[in-house]
Structures are given as structure tokens and as C-alpha cells.
Amino acid sequence: MIQVKTFCERLVLTAQKRSIDEVMIQKLYAQLYPHIEEICGEKKIVIYKSPEAEELGELLEKHHGNRGVVAKELGISTTTLWRRMKKYGIEANYNHSDPR
């Protein structure tokens, strides 16, 4: 119970907005409690990323961050794409125009 209380306190204290969303909780959880596995005799932190998040990241990289093209390729609206990016904590670190 103490860990839950401490986690919630830290979440509230580090929040940059008045509302706390799923992404903020996931980031703090991953930061505080990384998953460690022993691989080939070495302890390594294992970061799980959902297949959908990986696909979004790959498509954004492929299309140089052009959300319109990515949304069209996935058959979804740009708003839905933005929501999924927010859900998975995918940062928009791309220039919004296609450099080609």
C-alpha cells in the first residue's frame, strides 16, 4: 500500500498539467519499475512496446513524420492517428512537412 501511495504522490507532484492521462502513468511506471531479464548471462532492461505502437513509429519514420500520409496508409483520420500517438507516448519529433 505504501508503494501505491508513493507512486500516486510522485505522479501528482511531477504532473505538468492538471489532468493525468494513461501515458503519464505508463511513463512513470516504466521509469520507476523497469522490467529486468537475464539475457546471455547479463541483466538487461526489457522495454515492451505494443505492435501497434511499433507500426506507428515505423510508418512515421518512413514518411518523415508526415501524419497525413501515415493516416491515409493506415486508413484512419489524422485525429485518430494523433490520439493513438498520444496513447502510446509517441513523440512528434519530426518536421511536419515532407522534405521531398
Along the principal axes of its C-alpha atoms, what lengths does segment 35-87 span, in descending order and rounded to whole Å? 45, 20, 14
Using θ = phi - 60° and the Karplus form 6.51 cos²θ - 1.76 cosθ + 1.60, what ³J(HN,Hα) does each residue of segment 37-44 get, whole Hz, x for Gly and Pro? 10, 9, 10, 6, x, 10, 7, 9
Send over a whole-number figure in Å² for the accessible area per residue of segment 1-61, probe 1.4 Å. 87
Carbon and sulfur together cover what percent of the accessible area of segment 6-95 at a 1.4 Å probe radius? 53
What are the semi-axes of the equivalent ellipsoid of segment 2-47, taken as the square roots of 5 times the eigenvalues of the Cα gyration tensor, listed largest first and rounded to whole Å? 27, 12, 6
Calculated Rg/Rh (Cα atoms, Kirkwood Rh) (choose from (1) 0.97; (2) 1.07; (3) 1.31), label: (2)
Divide by every residue of the chain the summed helix terms, -39500 (n - 2.57) for each DSSP H run of at least 4, and state the resulting mean residue ellipticity at 222 nm, rounded to the nearest 500 deg cm²/dmol. -16500 deg cm²/dmol
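The values are calculated or read from the model by the stated rules, or taken from the named source; none is laboratory data. Note that the coordinates shown come from a computational prediction; the quantities given were computed from them, not determined experimentally. Note: accessible area is taken over every heavy atom of the protein model, side chains too, but ligands, DNA and RNA are not part of it. Shrake-Rupley method; radii C 1.70, N 1.55, O 1.52, S 1.80 Å.
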